[in-house]
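K.L.:
Input: one structure, supplied below.
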Amino acid sequence: MQLGRVIGNVVCTIKDARLLGQKLMVVQPIDKHGRGKGRSIVALDSVGAGVGETIYWCRGKEASFPFLPDEVPTEATIVGIVDEINLPVADRK
Amino acid sequence: MLIGKVVGDVVATQKTPSHVGRKILIVQPLQLDGSDRGEAVLALDSVDAGVGDRVLLVTEGFSAMTAVGRPNSPIDMAVIGIIDTVDLPEGAR
């Protein structure tokens with residue numbers, strides 16, 4: 001899984017029927033210090049995340065498992081909202 | 001599998017139900033010489049690892065889910081061992 005921040009959402013009127021009712025969010029991956037890292041991606045949401053929140057997300061086939069028994073075609077899904085990132089003092093930069 | 005070092009953890013109250021009860025570790029993958037290999041990732045813990053431990057990290061869904069004991073769950077990385085030593089012949093580093 002990776003850390004990220006929700007920076008927006010995507011609206012699709014025409015889409016795969018199994019995506020109906022799913023929220024599509026734009027996620028900026030971040031490093032452990034909260035800094036943006038790499039290119040943003042679009043991910044489904046399984047936990048009710050909102051814009052501005054720090055989240056963690058999962059990629060690959062596993063990303064569709066929160067929606068079982070529905071087989072949702074997604075390769076990235078937000079699976080948790082981060083309350084706190086704990087780093088030992090020596091590693092804070 | 002990769003060699004990594006646990007550098008912190010993440011607290012998330014609102015998360016996918018299958019992650020409840022497992023620590024979410026921040027793991028920095030390492031090269032053989034001990035330097036960083038890419039960005040730190042989040043992995044579920046299956047061996048009670050802690051900050052500072054050198055660990056064995058799986059980065060693929062099936063092995064991660066199996067190790068954590070939560071099949072059909074959105075887990076793409078897991079810590080599955082705490083490394084005592086890595087023995088390499090001269091020059092392999």
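K.L.:
Inspect region B:23-42 for any residue being touching a residue at least 60 places away in the same chain (Cβ under 8 Å), away from chain A (no Cβ under 14 Å), surrounded by 12 or more Cβ atoms within 10 Å (Cβ to Cβ) and more than 21 Å from A:GLY60 (Cα to Cα) and give the result as yes or no.
P.N.:
No, region B:23-42 contains no residue that is touching a residue at least 60 places away in the same chain (Cβ under 8 Å), away from chain A (no Cβ under 14 Å), surrounded by 12 or more Cβ atoms within 10 Å (Cβ to Cβ) and more than 21 Å from A:GLY60 (Cα to Cα).
K.L.:
Here's something else I'd like to know. Given the conditions (1) in contact (Cβ under 8 Å) with a residue 12 or more places away in the chain; (2) over 22 Å from A:GLU62 (Cα atoms), which single one is not true for B:GLY61?
P.N.:
Against the list (1) in contact (Cβ under 8 Å) with a residue 12 or more places away in the chain; (2) over 22 Å from A:GLU62 (Cα atoms), B:GLY61 comes up short only on (2).
K.L.:
Would you mind finding the one in B:ASP9, B:ASP53 that is under 22 Å from A:PRO66 (Cβ atoms) and either buried (at least 20 other Cβ atoms within 10 Å of the Cβ) or in contact with a strand residue (DSSP E or B) (Cβ under 7 Å, 6 or more places away or on another chain) (or both)?
P.N.:
From the options B:ASP9, B:ASP53, the qualifying one is B:ASP9.
K.L.:
Can you find, within region A:51-62, the residue that is nearest to B:VAL7 (Cα to Cα) among those that are of a type outside the set (D, E, K, R) and at pLDDT 95 or above?
P.N.:
Here the residue is A:TYR56.
K.L.:
Output the residues belonging to region B:60-93 that are closer than 23 Å to A:PRO29 by Cα and more than 10 Å from every other protein chain (Cβ to nearest Cβ).
P.N.:
Scanning region B:60-93 gives a single hit, B:VAL79.
K.L.:
Out of the residues in region A:46-71 meeting the condition of being surrounded by fewer than 22 Cβ atoms within 10 Å (Cβ to Cβ) and of a type in the set (Asp, Glu), tell me which one is nearest to the other protein chains (Cβ to nearest Cβ).
P.N.:
Checking each candidate, the answer is A:GLU53.
K.L.:
Please give the strands (runs of 3 or more DSSP E) falling wholly within region A:35-93 in which 2 or more residues are in contact with a strand residue (DSSP E or B) (Cβ under 8 Å, 6 or more places away or on another chain), closer than 16 Å to A:VAL6 by Cα and touching a residue at least 12 places away in the same chain (Cβ under 8 Å).
P.N.:
Correct list: A:41-45, A:54-59, A:76-81.
K.L.:
Right, another one. Please specify each residue of region B:66-93 satisfying the condition of being within 18 Å of B:ILE24 (Cβ to Cβ) and among the basic types (Lys, Arg).
P.N.:
B:ARG70
K.L.:
Of all strands (runs of 3 or more DSSP E) completely enclosed by chain B, which ones contain at least 2 residues that are among the β-branched types (Val, Ile, Thr)?
P.N.:
Hits in chain B: B:2-11, B:24-29, B:54-58, B:78-82.
K.L.:
Within region A:19-42, how many residues turn out to be of a type in the set (Gly, Ala, Ser) and under 20 Å from B:THR13 (Cα atoms)?
P.N.:
Of the residues in region A:19-42, 1 are of a type in the set (Gly, Ala, Ser) and under 20 Å from B:THR13 (Cα atoms).
K.L.:
Okay, moving on. Taking into account only those residues within region A:1-31 that are more than 15 Å from the chain's Cα centre (by Cα) and not aliphatic (A, V, I, L, M), which is farthest from the other protein chains (Cβ to nearest Cβ)?
P.N.:
Looking at residues that are more than 15 Å from the chain's Cα centre (by Cα) and not aliphatic (A, V, I, L, M), I get A:THR13.
K.L.:
Shifting gears a bit: May I ask you to list the residues in region B:61-75 that are out of contact with any helix residue (DSSP H, G or I) (no Cβ under 9 Å at 6 or more places or on another chain) and surrounded by fewer than 17 Cβ atoms within 10 Å (Cβ to Cβ)?
P.N.:
Result: B:SER63, B:THR66, B:GLY69.
The values are calculated or read from the model by the stated rules, or taken from the named source; none is laboratory data. Values in this document were obtained by computation on a predicted structure and should not be read as measured data. Glycine gets a Cβ as well: all are built from the backbone with ideal geometry, and neighbour counts include every protein chain shown.
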